[in-house]
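Colleague: Handing you a structure now.
The values are calculated or read from the model by the stated rules, or taken from the named source; none is laboratory data. For clarity, every value in this text was computed on a predicted model and none was experimentally measured. Glycine gets a Cβ as well: all are built from the backbone with ideal geometry, and neighbour counts include every protein chain shown. Note: areas computed on protein heavy atoms with side chains; ligands, DNA, RNA excluded. Shrake-Rupley method; radii C 1.70, N 1.55, O 1.52, S 1.80 Å.
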Amino acid sequence: VPQLEADLREVYLGEWEGGAYRRHAAEGHPIARRVLAEERWDVIPGAERAADFDARVRAGIGRIARRHPDELVAAVTHGGVIGSVLAQATGSRPFAFVGADNASISLVVVAGDRWLLRVFNDTGHLTHGFA
């Protein structure tokens, strides 16, 4: 049965919500360039602080893991959340995994406080049988 985990909602982009980020990024806006250079969403005016976003995402994944010990769970979410989960699982740069393909599958094993990345951005299920 699907359940909503509110903490896995996308990063709040403040004044750049509602498609403004994509537009500004395409135009090469200086703040959009700074977002990528600094690997932080919170350089956007009014955007969610990076530490708050990562803590929120971590709390959401933690709640799911506690509700489903030793179970396989699918979490369907947005690219910023995926990027945060995978960066936290690997200890990588904040934006190392931003840009996962739509409908791709990434697999993270949660073992207590330890998260292990097993698969990133798998899209094989989208083309199987259609080639």
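Colleague: Consider only pairs whose beta carbons are under 7 Å apart and that are at least six residues apart or on different chains; among these, list those whose first residue lies in the range 49-72 and is of a type in the set (Lys, Arg) and whose second residue is part of a helix (DSSP H, G or I).
Modeller: If the second residue must be part of a helix (DSSP H, G or I), the pairs left are Arg49/Asp42; Arg56/Asp7; Arg58/Gln88.
Colleague: Between a first residue in the range 103-131 that is under 15 Å from Val76 (Cα atoms) and among the basic types (Lys, Arg) and a second residue that is modelled with pLDDT under 90 and not in a loop (DSSP other than H, G, I, E, B), which pairs have beta carbons less than 8 Å apart while being 6 or more apart in sequence or on different chains?
Modeller: Partner pairs satisfying both residue conditions: none exist.
Colleague: Restricting attention to helices (runs of 4 or more DSSP H) lying wholly within the range 29-130, give those where 2 or more residues are open to solvent by less than 70 Å² (accessible area, probe 1.4 Å). Write out each step before concluding.
Modeller: Numbers: elements: 30-38, 50-67, 79-90, 124-127.
Correct list: 30-38, 50-67, 79-90.
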